[in-house]
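As structure tokens, the structure follows; a few thoughts come after it.
The values are calculated or read from the model by the stated rules, or taken from the named source; none is laboratory data. On a predicted model such as this, the values are computed, not experimentally measured, just so you know. Backbone-built Cβ (ideal geometry, glycine too); neighbour counts: all protein chains shown.
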Amino acid sequence: MKVTVDMDKCQHYGQCCFEAPDVFELDADGKLQYVADVAEERRADVESAADVCPMQAIVVE
Amino acid sequence: MTGIVIVGAGLGGLRTAESARAAGYQGPITIVGEESHLPYNRPPLSKEALSTGVAVDDLHFRRKPSVDDVTWHLGAPAIGSDLVARTVTLADGTVLSFQALVAATGIRPRRLPIDGPQAGCIVLRTADDALQLRERLIPGAQVVILGAGFIGCEVAATAIKLGCTVHVVAIDTEPMIRPLGAELGSAMRVRHEHHGVHFHLGRFVTGFVGDEQITRVTVDDGTELAADVVVEAVGSVANVEWLAGNGLDLSDGLLVDDAMAVIDAPCPMFAVGDIARHPNAWFPGPARRIEHWNMPTETGKRAGQSLAAVLSGAPMDTAAFAAMPSFWSDQYSHKLQSFGMPGLADHITVVAGSPDGPCIAEYRRDGQLVGVVGIDMTAELAPYRKQLMGQQ
Ligand SMILES: Cc1cc2nc3c(=O)[nH]c(=O)nc-3n(C[C@H](O)[C@H](O)[C@H](O)COP(=O)(O)OP(=O)(O)OC[C@H]3O[C@@H](n4cnc5c(N)ncnc54)[C@H](O)[C@@H]3O)c2cc1C
Ligand code: SF4
């Protein structure tokens, strides 16, 4: 599954990181880093991450 | 019977429908909304969307394909209901019958009874409100904001950014004092003052002055403030009137159990989002309504599962409901973030940084951690959140 975060929208609040810590992470500077290509079995958590993003910046395909 | 009827087409309504589908419910779902818009994201209405221009199309939530077959009945509020007959009546005369009902009608801004003309006094809850307000926030406009909570403070910051003169009048002694406490509230006040906001704290408005349109606002200490626009942000009222006459306790939203089922309802009925007064296993004390953006998703998820169970004749999951309230706020370049329920605290300690810069404060009640707030220190909050989830 393909994950995209609209970095113009993302405010680096890290809400997504709590839902899928293996996919989304805030780096040492507090900036979001994420994995773009994710195994299908992680879909439920990745979709939860997209749901809880306050900026609705995450697209899961 | 028409399956599930959800009243309220906001985030809570949408998430409940998606969750019912994810839990296997395949029957009909109708979502009724007072606003003519499909569900959209409200927080930007006081922040970026208010400063850059309000376009509802950019604010719509992405809807999961599983709810493509939902019937949206938008632009007509529910005005009545009969929970025994299982019907909801809409303002356009439509009567919908249901097997199970969801109340997701949220809250609306409280209005103060203030003497004088009312034109020019705006509240902020909907995209239409934000559009109206945006039109008036022109450079040089004199803005008077009633209330120094999150919405009042965010509007103040946005109005300053847009070149307005801003006065905030509030009965509280510091901005955002209830969620933040005095020390962080005062630290945020200093930041606002640095950007030019004038605060009138411990004060209340005694009247609006003007012919048809408000031109001045009078304060109880005798001050008169010139006003091109007044923003009233003094708390909220739950949208429950459409449920009157059914014997439910409507004094503070709707009381629900761990499954989000409404207590004392004579039919399968659930409540989600800002309107739901729910228990929370991670926080002590009585059921509470939490007006935070992440709660409609949490409560909606649970309600959807309960709906799917009830409508297939299976028992509902009655495990204790536990969710982490989480709040963020953007003011100027500052980011506030909170986890838990800092408002419950009897003791607040700054544990990292200092309030005049990036910092973290712990909120404790009877020695127990009940909340954490960070100013410009987001990533560092994660361990505190974990602690909040682990200890109770
Ligand atoms: C300007 C603003 C800024 C915010 N900023 C933040 C923030 O930074 N962080 C944060 O955590 N939270 C924030 N919030 C709070 C957050 O947006 C709410 O907690 C969330 O929207 C609640 O969702 P809900 O679905 O319960 O209610 P709502 O989103 O209010 O949806 C309820 C819907 O029901 C409709 N309705 C009402 N009555 C009826 C009726 N009788 N019949 C049919 N439909 C009806 C309403 O029109 C509305 O569309 C903000 C809110 C506002 C207004
Ligand atoms: S939740 Fe959204 S805004 Fe926050 S870091 Fe993740 S993608 Fe960015």
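Conditions (1) touching a His at 6+ places or on another chain (Cβ under 9 Å); (2) modelled with pLDDT under 95; (3) under 29 Å from residue B:139 (Cβ atoms), marked per residue:
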| residue | (1), (2), (3) |
| --- | --- |
| B:217 | yes, no, yes |
| B:229 | no, no, yes |
| B:242 | no, no, no |
| B:247 | no, no, no |
| B:252 | no, no, no |
| B:261 | no, no, no |
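Mind checking which residues of region B:14-40 are within 14 Å of chain A (Cβ to nearest Cβ), within 15 Å of ligand 1 (Cβ to nearest atom) and touching a residue at least 60 places away in the same chain (Cβ under 8 Å)? Lay out the reasoning, then the answer.
Let us first name the residues in region B:14-40 that are within 14 Å of chain A (Cβ to nearest Cβ), namely B:14-19, B:21-23, B:38-40.
Remaining after also requiring within 15 Å of ligand 1 (Cβ to nearest atom): B:14-19, B:38-40.
If the condition is that a residue be within 14 Å of chain A (Cβ to nearest Cβ), within 15 Å of ligand 1 (Cβ to nearest atom) and touching a residue at least 60 places away in the same chain (Cβ under 8 Å), then B:14, B:15, B:16, B:17, B:18, B:19, B:40 are the ones that fit.
What number of residues within region A:24-61 are within 11 Å of ligand 2 (Cβ to nearest atom), in a strand (DSSP E or B) and either in contact with a Ser or Thr (Cβ under 8 Å, 6 or more places away or on another chain) or over 20 Å from residue B:293 (Cβ atoms) (or both)?
Adding up the residues that qualify gives 6.
From the list B:336, B:381, pick out the single residue that is closer than 29 Å to residue B:192 by Cα, within 12 Å of chain A (Cβ to nearest Cβ) and part of a helix (DSSP H, G or I). So that I can check it myself, show each step before the final result.
Working: B:336 fails: part of a helix (DSSP H, G or I).
Among B:336, B:381, only B:381 is closer than 29 Å to residue B:192 by Cα, within 12 Å of chain A (Cβ to nearest Cβ) and part of a helix (DSSP H, G or I).
Residues in region B:117-132 that are within 16 Å of residue B:147 (Cβ to Cβ) and either surrounded by fewer than 18 Cβ atoms within 10 Å (Cβ to Cβ) or not β-branched (Val, Ile, Thr) (or both): how many? Let's see the steps before the verdict.
Restricting attention to region B:117-132, the residues satisfying the condition of being within 16 Å of residue B:147 (Cβ to Cβ) are B:121-125, B:129.
Going one step further and asking which of them are either surrounded by fewer than 18 Cβ atoms within 10 Å (Cβ to Cβ) or not β-branched (Val, Ile, Thr) (or both), we end up with B:121, B:124-125, B:129.
Of the residues in region B:117-132, 4 are within 16 Å of residue B:147 (Cβ to Cβ) and either surrounded by fewer than 18 Cβ atoms within 10 Å (Cβ to Cβ) or not β-branched (Val, Ile, Thr) (or both).
Considering region B:99-136 alone, what residues qualify as being among the basic types (Lys, Arg) and over 30 Å from residue B:82 (Cβ atoms)?
Quick first cut of region B:99-136, residues among the basic types (Lys, Arg) only: B:108, B:110-111, B:125, B:134, B:136.
Within region B:99-136, B:134, B:136 qualify.
Could you list all residues from region B:333-353 that are within 19 Å of residue B:177 (Cβ to Cβ), of a type in the set (Gly, Ala, Ser) and without any contact (Cβ under 8 Å) to a residue 60 or more places away in the chain?
Selection gives B:340 alone.
Could you grab me the full set of residues in region A:1-32 that are loosely packed, with under 12 Cβ neighbours inside 10 Å, within 13 Å of chain B (Cβ to nearest Cβ) and of a type outside the set (D, E, K, R)? Don't jump to the end; show me each part of the working.
Step one: of region A:1-32, the residues loosely packed, with under 12 Cβ neighbours inside 10 Å are A:2, A:7-8, A:27-29.
Still in the running and within 13 Å of chain B (Cβ to nearest Cβ): A:8, A:27-29.
Of everything in region A:1-32, just one residue is loosely packed, with under 12 Cβ neighbours inside 10 Å, within 13 Å of chain B (Cβ to nearest Cβ) and of a type outside the set (D, E, K, R), namely A:28.
Here is a yes/no grid of residues against (1) of a type in the set (S, T, N, Q); (2) out of contact with any Gly (no Cβ under 8 Å at 6 or more places or on another chain); (3) buried (at least 20 other Cβ atoms within 10 Å of the Cβ):
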site	(1), (2), (3)
B:3	no, no, no
B:6	no, no, yes
B:11	no, no, yes
B:15	no, no, yes
B:36	yes, no, no
B:88	no, no, yes
B:98	no, no, yes
B:115	no, no, no
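Looking at (1) within 10 Å of chain B (Cβ to nearest Cβ); (2) closer than 15 Å to residue B:41 by Cβ; (3) over 9 Å from the mean Cα position of the chain (by Cα), which is the only condition residue A:58 fails?
Condition (3) is where residue A:58 drops out.
So, residue B:21, is that one modelled with pLDDT of 95 or more, within 16 Å of ligand 2 (Cβ to nearest atom) and surrounded by 17 or more Cβ atoms within 10 Å (Cβ to Cβ) or not? Let's see the steps before the verdict.
On the way: modelled with pLDDT of 95 or more: yes; within 16 Å of ligand 2 (Cβ to nearest atom): no; surrounded by 17 or more Cβ atoms within 10 Å (Cβ to Cβ): yes.
Spelling it out, it is not the case that residue B:21 is modelled with pLDDT of 95 or more, within 16 Å of ligand 2 (Cβ to nearest atom) and surrounded by 17 or more Cβ atoms within 10 Å (Cβ to Cβ).
Do we have residue B:381 as under 22 Å from residue B:331 (Cα atoms) and either of a type outside the set (A, V, I, L, M, F, W, C) or touching a strand residue (DSSP E or B) at 6+ places or on another chain (Cβ under 7 Å) (or both) here?
yes
So residue B:267 passes all but one of these: (1) in contact with a helix residue (DSSP H, G or I) (Cβ under 8 Å, 6 or more places away or on another chain); (2) at pLDDT 95 or above; (3) of a type outside the set (Ser, Thr, Tyr). Which condition number does it fail?
Of the numbered conditions (1) in contact with a helix residue (DSSP H, G or I) (Cβ under 8 Å, 6 or more places away or on another chain); (2) at pLDDT 95 or above; (3) of a type outside the set (Ser, Thr, Tyr), the odd one out for residue B:267 is (1).
Looking at this structure, is residue B:101 within 8 Å of ligand 1 (Cβ to nearest atom), outside any loop (DSSP other than H, G, I, E, B) and outside the structural domain of residue B:159 (by TED's automatic domain parsing)? Give the derivation first.
Values: within 8 Å of ligand 1 (Cβ to nearest atom): no; outside any loop (DSSP other than H, G, I, E, B): yes; outside the structural domain of residue B:159 (by TED's automatic domain parsing): yes.
The answer is no for residue B:101.
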